[in-house]
Each structure stands twice: as structure tokens, then as C-alpha cells.
Amino acid sequence: MSGFERLDSEVEWEGKIVRVGVERFRHADGVEVSREKVWHPGAVGILALDDTHVWLTRQPREAVAQGASLEIPAGKLDVAGEEPLATAKRELAEEIGKRAEHWELIHRFYTSPGFSDERVWLYLAAGLSDCSPAQAPEENERIEIVPWVLAQIDQAIEQCEDSKSLIALLWLARRGWP
């Protein structure tokens, strides 16, 4: 594979979460290309496990016209200076009212590197206990907490269409628990 250099970036639109624009590159062979790009702050996903359940959520996802998307707890890296693990701990408390004794980074990955720099940090959270969220859920969050029986993980995989959640659930099915 050959390298490339970024020639310029132009943001054409900026929203609350993402910026959209165009970047130009020159490849090692001299060919210049333009690529549309979505800049995203990144996100975390949490595979929250106890001895008998994986803790999931159901929530509406208007962008894909889904009324009830089955997902792992997750959230954006939207607090300036907050490390991904701290975001994961905060989101676990906010979304399902749990804290974890044990944290492990499963993997980091880009969600769609053909046009976006969004990266997800996927964590395993175990040794769960109840806690009060540090703050109330955001006003637009409509989250149903779903404690899913581990023995029925294959059914969760069949119902799930969210990529970070599928990666987490397939990792769990392959690895097993505990």
C-alpha cells in the first residue's frame, strides 16, 4: 500500500455531534483525490455482565427508523478531556444504573472508516452492582433496560442490528462467560 498526504480539509456543516466536509489528499503516485468526511468525537460501548445476564438496552433510533434498537449501553465522548474509560463508567451508571468492579478494554475500532473518523472503545464491565446515576438521562433518551439471560445470547445476536453491540455479543459468544 502506498502512503498519502492530506492537502486540506474544509468543514461545510457543523452540528451538535458531528461536522461534515471534504478533505483532499495526494497519494504517493501523485494522484489527488477528494473525500467526503464526517468528523465524530468517538464513543464507548459497554458489555456489562453479571453471573447470569448481559445488560442491554432498547431505545428508539430515529436515524434508521427503528422504534426499539437492542444495544449494549453506550455513549459519545462528549465531555472535553474525559478519557474513554471514564465515559464508559459514566454511561453505565446513566443508562442502566450500574457500576462495575472490573473493567477491560475489549477492542477499539472505526465504525465506518470509508467516510468517518468515529472510533468506538468497547469495554467489558463485570462485578456489577447497583448505583444511582450521577445525573439524570438526557431529555431525548428513552431507554428500556433489558437484562438478557446469558444462556440465550444467540437470540440477542439475532435481534441486534447495531454494529458495536454485535461485535460485543459475538465476542462474548465466542469467548463464553464466566
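The values are calculated or read from the model by the stated rules, or taken from the named source; none is laboratory data. Predicted model only: the values in this text are computed from it and were never measured. Backbone-built Cβ (ideal geometry, glycine too); neighbour counts: all protein chains shown.
Consider A151 carefully, then state whether it is part of a helix (DSSP H, G or I) and surrounded by fewer than 15 Cβ atoms within 10 Å (Cβ to Cβ). When the stated conditions are applied, A151 passes them.
A residue that is over 19 Å from T57 (Cβ atoms), in contact with a Ser or Thr (Cβ under 8 Å, 6 or more places away or on another chain) and not in a helix (DSSP H, G or I) cannot be found anywhere in the stretch 157-176. If we scan the stretch 28-40, do we find a residue that is free of Cβ contacts under 8 Å to residues at least 60 places away in the same chain, surrounded by 16 or more Cβ atoms within 10 Å (Cβ to Cβ), part of a loop (DSSP other than H, G, I, E, B) and not small (G, A, S)? No, the conditions are met nowhere in the stretch 28-40.
Of all residues in the stretch 76-97 being touching a Ser or Thr at 6+ places or on another chain (Cβ under 9 Å) and surrounded by 20 or more Cβ atoms within 10 Å (Cβ to Cβ), which is farthest from G176 (Cα to Cα)? The qualifying residue farthest from G176 (Cα to Cα) is L77. Just to be sure before I move on: is I46 outside any strand (DSSP E or B) and either surrounded by fewer than 11 Cβ atoms within 10 Å (Cβ to Cβ) or out of contact with any Ser or Thr (no Cβ under 7 Å at 6 or more places or on another chain) (or both) in the structure I sent? Judged against the criteria, I46 is not a match. Within the stretch 118-143, being at pLDDT below 95 and closer than 18 Å to V54 by Cα holds for one residue alone: I143.
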